[in-house]
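Reviewing the structure listed below.
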Amino acid sequence: KGEHLFKADLQGADDLVLSIESMLQLHHRDQWAIPVVRSEVANNVGIEDIYGCIQHHFQHLTETGLLYQHRRQNLRDELIERVKGKMVLKLLDVIERDSRLSSYISKVENGEVDYYSAADEIFKLIGSRLAGEGISYEDVQKENRL
């Protein structure tokens with residue numbers, strides 16, 4: 001990671017570099033000092049410096065184990081998002097097929113109940129149904145085959 005000052009040949013670039021560096025000193029994450037690299041793409045200035053900073057940062061992430069940690073966190077987040085997506089689709093299907101649950105949708109649309117309260121009630125009803133039915137992995141698999 002790094003900050004790149006493009007158009008470094010323009011007036012005020014030196015002041016901008018100092019301002020960026022000052023702001024970055026307030027933000028020290030991962031023990032990594034974020035470099036500010038001046039570049040002028042049109043004149044091919046600073047491109048190798050940017051590439052070097054990218055390589056150096058990759059080396060830092062690898063040596064500190066942060067790359068591994070970030071990748072694990074990304075995989076975990078992706079798994080959770082996929083599970084949430086499937087749960088939402090299943091939940092919507094359950095709500096649509098159950099007249100008591102789906103009645104909350106029209107109640108919200110008609111202003112009879114606020115959506116926070118409706119969501120709480122739907123959650124209570126579905127939660128008690130799931131707990132009462134003792135849904136197992138096999139049950140979920142059967143539902144997914146339909």
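Search the stretch 110-124 for residues being surrounded by fewer than 11 Cβ atoms within 10 Å (Cβ to Cβ) and within 20 Å of V88 (Cα to Cα), and hand back the single one that is modelled with the lowest pLDDT. Top of the filtered list is K124.
Condition check ((1) at pLDDT 90 or above; (2) surrounded by fewer than 15 Cβ atoms within 10 Å (Cβ to Cβ); (3) under 30 Å from L125 (Cβ atoms); (4) in contact with a Lys or Arg (Cβ under 7 Å, 6 or more places away or on another chain)) across all residues:
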{"residue": "H4", "(1), (2), (3), (4)": "no, no, no, no"}
{"residue": "A8", "(1), (2), (3), (4)": "no, no, no, yes"}
{"residue": "Q11", "(1), (2), (3), (4)": "no, yes, no, no"}
{"residue": "Q31", "(1), (2), (3), (4)": "no, yes, no, no"}
{"residue": "E48", "(1), (2), (3), (4)": "yes, yes, no, no"}
{"residue": "Q59", "(1), (2), (3), (4)": "yes, yes, no, no"}
{"residue": "T62", "(1), (2), (3), (4)": "yes, yes, no, no"}
{"residue": "R71", "(1), (2), (3), (4)": "yes, yes, no, no"}
{"residue": "K90", "(1), (2), (3), (4)": "no, yes, yes, no"}
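If the condition is being more than 30 Å from H56 (Cβ to Cβ) and among the acidic types (D, E), then the stretch 66-101 contributes E81, D93, E96, D98. Based on this model, can you work out whether V83 counts as loosely packed, with under 12 Cβ neighbours inside 10 Å, out of contact with any Cys (no Cβ under 7 Å at 6 or more places or on another chain) and assigned to a helix (DSSP H, G or I)? The answer is yes for V83. A single entry from E121, E112 fulfils the requirement of being in a helix (DSSP H, G or I) and charged (D, E, K, R): E121.
Applying a threshold of 7 Å to beta carbon distances and a minimum spacing of six or more residues, or different chains, the list of pairs starting in the stretch 40-61 at a residue that is free of Cβ contacts under 8 Å to residues at least 12 places away in the same chain and within 20 Å of A13 (Cβ to Cβ) and ending at one that is among the polar types (S, T, N, Q) and surrounded by 16 or more Cβ atoms within 10 Å (Cβ to Cβ) reads I47/S39.
The values are calculated or read from the model by the stated rules, or taken from the named source; none is laboratory data. Owing to the predicted nature of the structure, the values given are computational and were not obtained by experimental measurement. Note that each Cβ is placed from the backbone with ideal geometry, even for glycine, and that neighbours are counted across all protein chains shown.
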